[in-house]
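These notes concern the structure reproduced below.
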Amino acid sequence: MKLEDLKNEKLKSWIKEMADMCQPKDIYVCDGSSEEYDRCMQELIDLGLSHPLKKRKHSHSFRSDPSDVARVEDRTFISYPNEIDAGPTNHWMNPDELKKTMKELYKGSMKNRTMYVIPFSMGPVGSPIAKIGVELTDSAYVVCNMHIMTRVGTKVLDVLGSNGEFVPCLHSVGAPLADGEKDKKWPCAPIEKKYISHFPDENLIWSYGSGYGGNALLGKKCLALRIASAMARREGWMAEHMLILRLTNPEGKRFHIAAAFPSACGKTNLAMLQPTIKGWKCETIGDDIAWMKIGEDGRLYAINPEAGFFGVAPGTSYDSNPMAMDSIRENTIFTNCVETDDGDVWWEGMSEPPAHGKDWKGNDWTPASPDKGAHPNARFTAPAKQCPIICADWEDPKGVPIDIFIFGGRRASVMPLVHESYNWDHGVFMGSTAASETTAANIGSVGALRFDPFAMLPFAGYNMGDYMNHWLEMGDKLGDKAPKIFYVNWFRKNADGKWLWPGFGDNSRVLKWMCERVEGKIDAKDTPIGRMPKDGDLDLTGLKIDEADFKELMRVDIEAWKNQANEIENHYSKFGDRLPQRLKKQLEELRARLSK
Ligand code: SAT
Ligand code: MN
């Protein structure tokens, strides 16, 4: 389709304006067809960027620039006229100043490149919950990934019509080409020139300088979380960094669970859980993002706005996540994995290493090499429909009714395996005080403990204090129809640094306990931090776990928790008067229970 053929005048004039600034050699409007995917991929193959994999049908391997391997939180901006509206946990710049700086960068940034116009829908095309975005990008890699991660093409333009609303998303890798210049293997700009910018008042996204993941696939974190969270507050719904799954018990009763964990903490694994307890079944609805609205019956309904999985490859194996392994057998894009000599990909934790291959930097690699073969944030991009346990209702525009919310993170100590909130406010307190050891999903230090409220620290599109308040208000609206809230930690270690809990499929044991709590089948034990399983209620049938280890896993260390309460006070102090009083009260109540 040509630019002239677009029916939406607002879209047409925006594209023209952006093209005048970025000066691409041509403009191409994506139709979303598989031929288009193949054509873009062929271009990338011809450039030497994409390597077709002999062992996986219609699949390709990419290696990014070593400086462009993850989200860049330090270069991510939430831009409102007033800094306080971005809040203390976001990077802020005045919109006029930020636009001025970025316009300088965008000027001629697409020289000798094509500007692709990607009309995409987050959520099933035409669904009342879905939102339309249009990404302009100079990266064919982004086009291919967006084809998998979102619903792209002419069908979206049809829904948009002549005067529909869309979220404009401008993206440039920031590497214009001089006439006749050969393209770099992975074009991008240096870190200090990267900007991932959001203007929530205008529902506008501008991204410059990176071609990787959430920095470049603008439907994902930029639209579906940062912009959508701001829309959701205005419109009274929720946009959350949550997986969605359906769990069915042996009697056939269904439970829908939404769980928030920071990036690279196992959301994809939990979403594709293979229960180790008899008669329980899990089906996947989403692995990263949930959009939730209150339905006519007063319950909270969730949809997955995405169409694919952008999952962490290292650690994924037929042991840890067989359903993910089956999802990525074909039609998949791999980024920053090892390429084996026989035309496959490999990563640490997948299987026995190949005798020889090329590492994520393209160097010769053997198991004796000192460095890891795959980058710790190496990713696969795969269509969600390829997951063998994708739920039949995963594209139901109505969504699924949520029974259970789970928060969690990586904590080597302090946090027990599971505890339940006393009520909604206490659950919001748990979410707002979630903390985790940092991972390779962001450029920065790995393994440092940081508070990551609702796993939304890098993704909230407005002041986190107001965000906490929005959660409280949603609870007021939901009343007794609100989901129950739990907190889990699969990652507690003993004094020797050994994991205390096997995790993966055995996490079904914890989910079973939650379902039985929802059904009112069993009681729980009150502890200072929340409700916990009574002895014998957590199903450990068939699991070899040392009694002492289990005790340690469930231990509430009062002194450590008093210290935790001090850290929470410190964390909360950042939010000043935007911190809801109701959460302050929760902290006081926690302290009172700890001192009893
Ligand atoms: O690169 S992404 O932001 O899409 C992945 C993640 O950090 O969860
Ligand atoms: Mn994520």
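The values are calculated or read from the model by the stated rules, or taken from the named source; none is laboratory data. This structure is a prediction, so every number in the text was calculated from the model and none was measured. Because the Cβ atoms are built from the backbone with ideal geometry, glycine has one as well, and the counts that use them run over all protein chains shown. Note: areas computed on protein heavy atoms with side chains; ligands, DNA, RNA excluded. Shrake-Rupley method; radii C 1.70, N 1.55, O 1.52, S 1.80 Å.
Observations
- For the pair the stretch 203-235 / the stretch 536-551, the C-alpha centres are spaced 42 Å from each other.
- Qualifying lysines (Cα of each under 28 Å from Cα of residue 54; at least 8 residues distant if same chain): 182, 184, 185, 358, 361, 372, 385
- Assigned charges on the beta-carbon of Lys, Arg, Asp, Glu; the chain dipole about Cα centre (debye): 500 debye
- In degrees, nearest ten, helix 140-149 long axis to first principal axis of the chain (Cα): 40 degrees
- Cα Rg over Rh - the chain, Kirkwood: 0.96
- Rounded to 10°, Cα long-axis angle of helix 581-595 versus longest principal axis of the chain: 40 degrees
- Phi to ³J(HN,Hα) by Karplus 6.51 cos²θ - 1.76 cosθ + 1.60 over the stretch 554-564, Hz, x for Gly, Pro: 9, 5, 9, 8, 4, 5, 4, 6, 5, 5, 4
- Normalised contact order of the chain, rounded percent, pairs of Cα under 8 Å and 6 or more residues apart: 15 percent
- Partner aspartates and glutamates for residue 534 [C-alpha distance under 20 Å; skip if fewer than 8 residues away on the same chain]: 420, 506, 516, 519, 523, 526, 546, 547, 549, 552, 557
- Here's the picture: charge each Lys and Arg Cβ at +1 and each Asp and Glu Cβ at -1 in the chain, and of 406, 580, 289 the one pushed furthest to the positive end of that dipole is 580.
- Cut-off 11 Å between beta-carbons: net charge of the residues surrounding residue 244, Lys and Arg +1, Asp and Glu -1: -4
- Table column - 3J(HN,Hα) (Hz), the stretch 353-360, Karplus curve with 6.51, -1.76, 1.60, x for Gly and Pro: x, x, 5, 7, x, 10, 7, 5
- Computed with a 1.4 Å probe over protein heavy atoms only, the accessible area of residue 91 comes to about 80 Å².
- DSSP assigns beta bridges within the chain; of those with both partners inside it, close to 65 percent run antiparallel.
- Note that the stretch 240-254 has calculated 3J(HN,Hα) couplings of 10, 7, 9, 7, 10, 9, 10, 10, 10, 8, x, 7, x, 7, 9 Hz, one per residue in order, obtained from phi through the Karplus relation 6.51 cos²θ - 1.76 cosθ + 1.60 (θ = phi - 60°); glycine and proline are x.
- When the chymotrypsin sites (Phe, Trp or Tyr not before Pro) in the stretch 267-320 are filtered for DSSP coil states and for at most 12 other beta-carbon atoms within 10 Å of their beta-carbon, the remaining sites are 318.
- Using C-alpha pairs under 8 Å with a sequence gap of at least 6, the mean separation divided by the residue count of the stretch 308-386 gives a relative contact order of 45 percent.
- For the stretch 304-347 and the stretch 101-172, distance of Cα centres in Å: 25 Å
- Options 77, 34, 87, ranked by Cα towards positive dipole end of the stretch 28-145, top entry (Cβ charges): 34
- Taking all protein chains as they are arranged and a probe of 1.4 Å, the heavy atoms of residue 552 leave approximately 60 Å² accessible to solvent.
- On Cα atoms only, tilt of 464-478 relative to the major axis of the chain in degrees: 60 degrees
- A simple spin-label model places pseudo-atoms 7 Å from Cα toward Cβ; at residue 585 and residue 46 they are separated by 6.6 nm.
- Members of 2/103; 493/584; 2/25; 253/481; 220/481; 131/155 lying beyond 20 Å, as alpha-carbon distances in this model show: 2/103; 493/584; 220/481
- The simple Förster model, with R0 at 25 Å and r as the Cβ-Cβ distance, assigns residue 450 and residue 545 a FRET efficiency of 0.25.
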